[in-house]
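Asks: Below is a structure I'd like to ask you about.
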Amino acid sequence: MMAMAGTTPLRTVDSIQDVRVSTASVWSDRVWQLDVTLPGTVRSDVALDWGFALADGSRFTDPRWTPWREAAKRFLWTLRVDPPAGHRRARDSSLVRAFQHLRVLIRWMAGEGYRCFVALDRNAAARFLAIVKARPGRKGQALSGATLAGYASLLNTLYLQRDRLQDAPTEDLLAADRLRLLTGRWRQRRGSLPSTPDDIAIPLVSAAIRLLGSPADDIIALRDLAHTALRDAASRQLDQHTTDVCVRSALAGFIFSTPAREERPWRMDPVTSLTAGELLVSRLYDACFIVIAYLVGARVSEILGLKAGCIVKHPSADGTETFSYMSGRIYKTADSPAGQPHRWVAPAPVVRAVAVLERLSEPVRRCAGRDELWLMPVAGGDGSFHVRRSANLIDRLNGPFATFINLPLHDGRPWHLSPHQGRKAFARFVGRRDRTGLHALAAHFGHVTRVMTDASYVGTDFELGGLIDAEVLDETRAALEELLTATQLAGKAGRTIAARSRFRGRTRDGDVKEYVDFILRETDMRLGVCDWGYCVYRRESAACLGGDSGPNPVLRTQSTCAGCANFAVTQKHRAVWAARRQRNSDLLVHPALDPESRVAAARVDECDRILTELDQNQDKNGSSKQHALDAA
Ligand code: SF4
């Protein structure tokens, strides 16, 4: 009887050739075709071909390499069934990565005259890593730290697994400090992987949201018109040329809609072919991905694993309103390949994106009898279907989608979007409570924050929570540095800080950073940051009657803060107070708003007080009278 894949330690298997490595492959197969379990991967992504070519023109499946090949298979499989102490059993994606690194190692070893792993020593390992380091990475760029760390880990794991293998290195291939240095450097760099900068993220998400408005309805209507014409031509058995003419004439008179608050149709050029219509459909898929990734914070696999009907509604803790959630599965941290169920907060554009995906994928889902939202026919027309490949999606975002929405440059160069960036930007925007720079997106992230702090919310994506906490800490650090060094501060706490800070007027040098580090380390302090100022929170003096955990979000308004002892305003917030003053001044002269006028007048006074304080401090430093200019 065959052993079940992934569960049987090799030393208990009578005949190793009986080991089943997946539902499709057994040990002796030239290609180990692993099962496709992660949405966004296709069969070729998880196919391990042991017949790779070596430098002398032979294949690793040739008979003369059999002992070494068996040793390599054995090593790889122990990572799944009997990993080193403290390591998790390797999932398919980790096996694929380990296989790719192993293949490079074996090719290099074979070229150097090695014939088994036992011959590897520290010297050889150092030479191998030097060669690997000199190789170009993807698209000719320098090899990434992650890849180099992957090769270093492979060498280390070969040694760690020596007791489970007949052919393994007998000496520790990497001095512990070298391994720590390589993997530590990578971890450090991974911690600071870039998020999409604001000047890219805001136009990117805004353009995607716009496309999901009435343009999405147009594109789906065009797609349906083309499909109807195609079906009609097929039923009349028309040739290709006549079919194309029929499709063109079906699309010819289409009038594109004018999006809300715009004056012209979103597209002037007619769509004249099936291909042009399909390109628009592709851009719509791209827009759906961007909206979900940036407004939900889910990983690529989690987005590509979504199914029709995934939007669910749940009441808030007090029962007064209903929040929308997107239900799906987390794969990365789950115990089983099927993933772990999870619900993400879904602001309105995400609910719309899912509705658009449901309509876009309806014909293919009906045909396949499946419910995945990113399903598509396999190229080549064998009648099978698969979920879109994540690597293709990322290429499309950087290519045709960026061109389609005219994505601006960042520092004069195209910005490269990568899979983790939506999640990282989401964490940054949610963690950031000063959302003045987010314009159209501020309301959506405000919504997410509100739902996430509702008592009925149960979040289990701890890594995402950690990312958000890190962003909050970064923002607190920046705000503290700004408060300590500012020359112009308003608000009661602002005045106190301005009078006492020994860093006032200085640049943000090492001393300031050290002091801020000390405050954050020793005091557990978290500044409240909002669009209109900073809250140096102390419960006993909180005008909003906040609790132990922080301000009261219901009573936390501009008026309450303006009179609160915890409140500080910097020049960064001037525009918010100037705009508020302007709005309320306009209200005061409005003939129909008598009962409102007292409130408006009080608000103008509050704004004047704040702006004057900023000016007074500024005057002392010889700067211009900005408030006077604003008021004028
Ligand atoms: S009123 Fe404003 S400044 Fe005062 S504690 Fe509440 S949030 Fe902070």
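Asks: Only residues in the range 481-504 that are in a loop (DSSP other than H, G, I, E, B) and surrounded by fewer than 20 Cβ atoms within 10 Å (Cβ to Cβ) count as the first member; pair them with residues that are at pLDDT 85 or above and of a type outside the set (Gly, Ala, Ser), Cβ under 7 angstrom, at least 6 apart or cross-chain, and list the lot.
Replies: Correct list of pairs: Ser501/Leu484; Phe503/Leu484; Phe503/Thr485; Arg504/Thr485.
Asks: Given (1) out of contact with any Cys (no Cβ under 6 Å at 6 or more places or on another chain); (2) at pLDDT 90 or above, where does Ser327 come up short, assuming only one miss?
Replies: Unmet condition: (1).
Asks: Select, from Thr228, Thr243, the only residue that is surrounded by fewer than 16 Cβ atoms within 10 Å (Cβ to Cβ) and either more than 30 Å from Met452 (Cα to Cα) or among the β-branched types (Val, Ile, Thr) (or both).
Replies: Among Thr228, Thr243, only Thr228 is surrounded by fewer than 16 Cβ atoms within 10 Å (Cβ to Cβ) and either more than 30 Å from Met452 (Cα to Cα) or among the β-branched types (Val, Ile, Thr) (or both).
Asks: Also: Taking the range 273-332 on its own, how many of its residues are over 22 Å from Val364 (Cβ atoms), within 16 Å of the chain's Cα centre (by Cα) and basic (Lys, Arg)?
Replies: Within the range 273-332, residues that are over 22 Å from Val364 (Cβ atoms), within 16 Å of the chain's Cα centre (by Cα) and basic (Lys, Arg) number 2.
Asks: Looking at the range 380-397, which of its residues are assigned to a loop (DSSP other than H, G, I, E, B) and among the charged types (D, E, K, R)?
Replies: Asp382, Arg388, Arg389
Asks: Quick check, is Arg574 more than 16 Å from the ligand (Cβ to nearest atom) and either modelled with pLDDT of 80 or more or loosely packed, with under 13 Cβ neighbours inside 10 Å (or both)?
Replies: On the way: more than 16 Å from the ligand (Cβ to nearest atom): yes; either modelled with pLDDT of 80 or more or loosely packed, with under 13 Cβ neighbours inside 10 Å (or both): yes.
Criteria met by Arg574.
Asks: Right, next: Suppose the filter is in contact with a Ser or Thr (Cβ under 9 Å, 6 or more places away or on another chain), surrounded by fewer than 15 Cβ atoms within 10 Å (Cβ to Cβ) and in contact (Cβ under 8 Å) with a residue 24 or more places away in the chain; does Ala201 pass it?
Replies: no
Asks: Hey, another quick one. Within the group Glu471, Glu481, Glu463, which residue is at pLDDT 85 or above, closer than 22 Å to Pro194 by Cβ and more than 13 Å from the ligand (Cβ to nearest atom)?
Replies: Result of the check over Glu471, Glu481, Glu463: Glu481.
Asks: Moving to a separate point now. Being in a loop (DSSP other than H, G, I, E, B), in contact with a Lys or Arg (Cβ under 9 Å, 6 or more places away or on another chain) and at pLDDT below 90 is the filter; apply it to the range 546-565 and report the residue that is farthest from the ligand (Cβ to nearest atom). Lay out the reasoning, then the answer.
Replies: Applying the first criterion (in a loop (DSSP other than H, G, I, E, B)) to the range 546-565 yields 546, 548-549, 551-557, 563-565.
Narrowing the set further to residues that are in contact with a Lys or Arg (Cβ under 9 Å, 6 or more places away or on another chain) leaves 546, 548, 553, 563-565.
Remaining after also requiring at pLDDT below 90: 546, 548, 553.
Values: Gly546: 5, Asp548: 13, Pro553: 9 Å.
The extreme case among them is Asp548.
Asks: For the range 535-545, how many residues meet the condition of being more than 8 Å from the ligand (Cβ to nearest atom) and in contact with a Phe, Trp or Tyr (Cβ under 9 Å, 6 or more places away or on another chain)?
Replies: Here the count works out to 0.
Asks: Also: Only residues that are at pLDDT 70 or above and surrounded by fewer than 22 Cβ atoms within 10 Å (Cβ to Cβ): list them for the range 429-440, please. Write out each step before concluding.
Replies: Within the range 429-440, the subset at pLDDT 70 or above is 429-431, 438-440.
Across the range 429-440, the qualifying residues are Gly431, Leu438, His439, Ala440.
Asks: Something else: Select from the range 233-281 the residues that are within 13 Å of Ala221 (Cα to Cα) and touching a Lys or Arg at 6+ places or on another chain (Cβ under 7 Å) and list them in ascending order.
Replies: Phe256, Gly277, Val281
Asks: Could you tell me which of the residues Thr523, Thr487 is out of contact with any helix residue (DSSP H, G or I) (no Cβ under 7 Å at 6 or more places or on another chain), of a type in the set (Ser, Thr, Tyr) and either more than 13 Å from the ligand (Cβ to nearest atom) or within 20 Å of His573 (Cβ to Cβ) (or both)?
Replies: Every option except Thr523 fails the conditions.
Asks: Given the conditions (1) more than 14 Å from the ligand (Cβ to nearest atom); (2) at pLDDT 80 or above; (3) within 34 Å of the chain's Cα centre (by Cα), which single one is not true for Trp532?
Replies: In the conditions (1) more than 14 Å from the ligand (Cβ to nearest atom); (2) at pLDDT 80 or above; (3) within 34 Å of the chain's Cα centre (by Cα), Trp532 misses (1) alone.
Asks: In addition: Might you let me know whether the range 73-93 holds any residue that is modelled with pLDDT of 90 or more and more than 35 Å from the chain's Cα centre (by Cα)?
Replies: Looking through the range 73-93, at least one residue is modelled with pLDDT of 90 or more and more than 35 Å from the chain's Cα centre (by Cα).
The values are calculated or read from the model by the stated rules, or taken from the named source; none is laboratory data. Treat the numbers as computed from the prediction; the structure is a model and nothing was measured. FYI the Cβ positions are ideal-geometry reconstructions off the backbone, even for glycines, and counts take in every protein chain you see.
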